[in-house]
Amino acid sequence: MSDHSNYRPLDAMAYPRFAGIRTFMRLPHVTDLMGVDMAVVGVPFDTGGTFRVGARFGPEGIRQHSMLLRPYHPEHPIDIFKQCAGVDYGDLPVTPGYLPESHAQIEAGARPLFAAGVIPIFLGGDHSVSLPLLRAAAATHGPVALIQFDSHGDLWHGYFGGKDTHGTPFRRAVEEGLLDTTRSSQVGLRGSVYDQADMAMSQELFHVVTAVELHEIGVKETIKRIRQRAGHGPVYLTFDIDFVDPAYAPGTGTPEVGGFNGAQCLQLVRGLAGLNFIGFDVVEVMPAYDPAHITSLLAANIVYEFMALIALQKQT
Ligand code: MN
Ligand code: MN
């Protein structure tokens with residue numbers, strides 16, 4: 001635990017929840033990593049999108065709808081900011097329209113966080129940003145286990161003749177040796193595909209729980225399988241918001257029906273307490289497609305669940 005007396009949300013009894021600058025959960029905006037345990041970091045880049053775009057506004061949307069979150073998590077239970085210091089690090093610099101350049105910027109921007117021993121929670125951005133984030137994670141931690149909640153495997157070899165989109169990050173991550181595939185899981189895969197081999201791409205590389213399987217075996221058994229697979233080594237959790245059913249998260253780039261509700265998402269993340277997390281992201285949130293802001297609100301609550309997992313890790 002660090003000295004974190006200043007690094008906690010604004011006091012809601014002194015400053016109303018709608019007041020203040022829109023940092024995540026009204027945490028202080030801090031870029032000096034001394035004494036920081038966890039940092040929320042925006043990655044406002046969506047040039048990797050292949051269908052709808054607009055995830056560049058994801059960080060802003062998620063921050064805006066985080067302001068009702070309260071510091072005590074009753075289910076674990078834990079008072080998050082008594083266990084760890086949290087800050088909003090701001091957004092990493094990117095160059096819209098220029099994917100390789102932006103990926104280099106994102107990796108360079110994320111490296112100091114991992115190197116400082118901070119556990120970052122990144123707010124995407126399209127899913128292509130997970131590749132430079134995993135490069136940065138592996139630079140400190142070596143190959144990490146990936147726990148991916150997603151409708152899609154994102155394992156394409158390429159797309160439209162290009163190598164990098166939001167449909168390819170984990171193919172590149174495997175090729176580059178960033179992942180310990182023997183400990184990794186993809187959860188929630190579903191929807192129409194191009195041919196019979198598509199699902200096999202995931203199953204050849206990872207432990208897979210498809211959406212149909214998850215509906216059949218339930219949340220508890222799924223958690224058990226992910227945990228068994230992940231073991232004790234470092235874990236990076238990536239949460240593509242299209243894992244959620246579009247009824248609960250319509251504001252995303254490639255929605256797939258037949259997914260999961262908000263309660264199931266929270267239970268799944270909570271059930272992973274105790275794994276050795278070194279980083280998180282939540283990606284593909286698109287406020288422009290998000291009536292009543294329900295997608296951003298759910299994403300903010302998923303980030304809050306990540307924070308509780310970090311607080312539990314820091315609790316000694
Ligand atoms: Mn997806
Ligand atoms: Mn994805």
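Where a number appears in this text, it was derived from the coordinates with a stated rule and is not lab data. Keep in mind it's a predicted model, so treat the numbers as computed, not measured. We place every Cβ from the backbone using ideal geometry, glycine too, and count neighbours over all the protein chains shown.
Normalised by 2.2 N^0.38 Å, where N is the number of residues, the C-alpha radius of gyration of the stretch 164-262 stands at 1.09. Take the Cα of residue 160, go 7 Å toward its beta carbon, and the backbone nitrogen atoms of the stretch 89-108 under 13 Å from that spot belong to 97-99.
Across all Cα atoms of the stretch 1-121, the radius of gyration (one decimal) and Dmax (whole number) stand at 15.6, 45 Å. The Cα atoms of the stretch 61-130 cover 43, 28, 17 Å along the three principal axes, with the biggest extent listed first. In the calculated pair-distance distribution of the stretch 219-316, the portion above 17 angstrom amounts to 51 percent of the Cα-Cα pairs.
Considering only DSSP beta bridges where both residues belong to the chain, give the percentage that are antiparallel (nearest 5). Of the beta bridges lying entirely in the chain, close to 10 percent run antiparallel.
Restricting the chymotrypsin sites (Phe, Trp or Tyr not before Pro) of the stretch 68-99 to loop positions (DSSP other than H, G, I, E, B) with no more than 11 neighbouring Cβ atoms within 10 Å leaves nothing.
Only lysines eight or more places from residue 220 in sequence, or on another chain, were considered; those with a Cα closer than 26 Å are 314.
A full extension of the chain between residue 17 and residue 263 corresponds to an added length of 86.2 nm, given 0.36 nm per residue minus the alpha carbon distance. Ignoring aspartates and glutamates fewer than eight residues from residue 82 along the same chain, the ones with Cα atoms less than 12 angstrom from its Cα are 3, 37. Peptides 220-230, 168-178 ranked from most to least packed give 168-178, 220-230, packing being the mean of other C-beta atoms within 10 angstrom over each peptide's residues. Here the Debye sum runs over all C-alpha atoms of the chain as equal scatterers in vacuum, and log10 of I(q)/I(0) at q = 0.10, 0.15 Å⁻¹ comes out as -0.49, -1.20. Could you give me D for the stretch 200-252, from Stokes-Einstein at 37 °C and 0.692 mPa s, where the hydrodynamic radius is the Kirkwood radius over C-alpha pairs? Units µm² s⁻¹, please. The diffusion coefficient I find is 254 µm²/s.
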